[in-house]
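Please treat every number below as a calculation from the coordinates, not as lab data. The structure presented is a predicted model; accordingly, all values stated were derived computationally and were not measured. Every residue, glycine as well, gets a Cβ built from its backbone with ideal geometry; the counts of neighbours run over all protein chains shown.
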Amino acid sequence: MTLKVGTQDLPHGSLCIVEAVLAPKHFVSPHTHSREDEVTVVLEGRIVALVHDTVVEVNAGSLLLKPSGVMHAFGNPGPGPARVYELHAPGGLEEFYAAMNVTLSDQHLSEVEKQAALMESSKAFGLVHHLDLADDVRVRLGL
């Protein structure tokens, strides 16, 4: 992920924008943001998502609203990569993304250790993961 706009760029920390490229079949498991609203803007490719209990397909040039307090998950059904902007209001989540990038790139950590570190970091940012739903949601989205 690449930070595009963060709290350092705006007075009052009102917005965070990151860019991500999702490989085919990449899946972001079900989670809920307790502090910020989120908007995904699909720049290239397409994504499929579950927002609360509604499955949607979002193509390039469109956006997806994911309000605070609403569970959501998404991924790239392929066949090519999907490039997205993730907008978070208010800002501040860029610190989570920075920590996530460090954890995921640490070659000394096992996959289990990486997952545990991400879950712990998530708590500090008010993110709640619904891992018990991940397998069912992945199937529902065709990922």
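Some values worked out for this structure:
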{"quantity": "Spin-label zone in the stretch 117-143 - amide nitrogen under 17 Å from a point set 7 Å from the Cα of Ala98 along the C-beta vector", "calculated": "121-122, 124-126"}
{"quantity": "Per-residue HN-Hα couplings for the stretch 43-51 [Karplus 6.51, -1.76, 1.60; θ = phi - 60°; Hz; x = Gly/Pro]", "calculated": "8, 9, x, 7, 10, 10, 8, 10, 10"}
{"quantity": "Within the chain, helix-based [θ] at 222 nm, where runs of 4 or more DSSP H residues each add -39,500 (n - 2.57), nearest 500", "calculated": "-7000 deg cm²/dmol"}
{"quantity": "Long-range amide H partners of His26 with built H, under 5 Å", "calculated": "Asn76"}
{"quantity": "Hypothetical label at Lys25: residues of the stretch 101-118 whose amide nitrogen lies under 12 Å (7 Å Cα-Cβ projection)", "calculated": "none"}
{"quantity": "Options (i) 37, 34, 23; (ii) 53, 36, 25; (iii) 37, 36, 27 - which one matches Cα extents along the principal axes in Å as calculated here", "calculated": "(iii)"}
